[in-house]
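Only one structure is covered here, and it is reproduced in the block below.
The values are calculated or read from the model by the stated rules, or taken from the named source; none is laboratory data. Fair warning: this is a prediction, and the values are worked out from it, not measured in the lab. Cβ sites come from the backbone with ideal geometry, for glycine too, and all protein chains shown count toward neighbours.
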Amino acid sequence: IQASAPSTHSAPIALSYELFPPRNESASASLWDTIRELECTNPDYVSVTYGANGSNRDTAVELLNRLLTETSLRPLAHLTCVGNTADELAEIISELLDHGVRGILALRGDLPQDAPSQPRAGSLSYAQDLIELIRRVEQRRSALLCAGKVAIGVAAYPAQHPESPSIEHDVEVLLAKQRSGADFAITQVFFHADQYKDLVSRARRAGVSIPIIPGVMPLTSLRRVQRLGDLTGVAPSTKLLDALGRADDAAESRRIGVGATVDLARAALDAGAPGIHLYTFNEHAAALEVLDKLQLLRPARPQPGLRGASSTIGTTAR
Ligand code: FAD
């Protein structure tokens, strides 16, 4: 990793972005402008979200394929298991690996609002089941192909998963995911740096040794912060809500939001975070402004040899 990290950090900082598959052609054109801007910063990887139950499977696979064939970027494919059987998931895992994907973020996915009380017969229940399935598929294929190891990421929760009985249970789940073969974790959004620090220290005490990368999102509008709170079940900081609510216009809102995101990310880095994962919302300007203020912007470096090659996604982090 070539990072221009602040002087307080001795190890390079892993840098990654989250994108979601575009819903139409105009969204696709603007996403590709964003991808080109992000590519210039030479990130370690870009992650591509996946709808629960595979609702956007085709557009996700198409975006991953284009990233692999038309850019120097290394994609990390999100994959959710809720509502799908092991056979269905094995097929999509093989499809991703055939395309050259070498990093998968293994997730359960959110349960649909109208989920039946009895899950579909044979469907996987937890992210841990999906990790084990990915490792099995990988093992079967590696007998035939000389492909590099798949890097598996998982979700971690600084502010407790909404269905979890306790933060202790969250750490037990993270440890179980590590034991099943996870290589690194990316956190859900959080609004207080102490929540990230507490998660890392509780996880380390429990035996979790994989990198835990803070996920941060430029919090540039009151609407976005409120929507994020609703979607994730993570209560936004009242101080930030008040400040954004008092902003006179969009420019001031953005200045406040970028400042708050920089403070959050800096506190996580000062606490030893091995990298920063930026939830971009498919927009580059605010994400790059955050990185610029953190002095984490990197010069572009062409990486022609990386397409489809064995990846070090997540494992480059300390
Ligand atoms: P799990 O780790 O399986 O946990 C789900 C719940 O089950 C938790 O409450 C946990 O405590 C409990 N649990 C887990 N294992 C056990 C066990 N063995 N016994 C008892 N209880 C258990 N969603 C999408 O749909 N698409 C995406 O692309 C997407 N990307 C994400 C990226 C990141 C970085 C994060 C943090 C979240 C993302 N999500 C995405 C949201 C995620 O799918 C939800 O948060 C989901 O509710 C939980 O997923 P998980 O992988 O953490 O599940």
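Side notes on the structure shown:
- Among (1) out of contact with any strand residue (DSSP E or B) (no Cβ under 9 Å at 6 or more places or on another chain); (2) assigned to a strand (DSSP E or B), the one test that Lys197 misses: (2)
- Top-ranked residue of region 177-202 - restricted to ones that are over 22 Å from Gly272 (Cβ atoms) and surrounded by 16 or more Cβ atoms within 10 Å (Cβ to Cβ), ranked as nearest to the chain's Cα centre (by Cα): Gly181
- Residues (assigned to a helix (DSSP H, G or I), within 25 Å of Ser180 (Cβ to Cβ) and touching a residue at least 24 places away in the same chain (Cβ under 8 Å)) located in region 200-257: Val200, Arg202, Ala203, Ala206, Thr232
So that you can scan it fast, the table gives a plain yes or no per residue for (1) away from the ligand (no atom under 16 Å from the Cβ); (2) charged (D, E, K, R); (3) touching an Asp or Glu at 6+ places or on another chain (Cβ under 7 Å):
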residue: Glu91; (1), (2), (3): yes, yes, no
residue: Val101; (1), (2), (3): no, no, no
residue: Arg108; (1), (2), (3): no, yes, no
residue: Asp129; (1), (2), (3): no, yes, no
residue: Leu133; (1), (2), (3): no, no, no
residue: Val137; (1), (2), (3): yes, no, no
residue: His169; (1), (2), (3): no, no, no
residue: Ala185; (1), (2), (3): no, no, no
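- Condition check for Val234 on (1) modelled with pLDDT of 95 or more; (2) within 16 Å of the ligand (Cβ to nearest atom); (3) surrounded by 19 or more Cβ atoms within 10 Å (Cβ to Cβ); (4) over 26 Å from Asn24 (Cα atoms): one failure, at (1).
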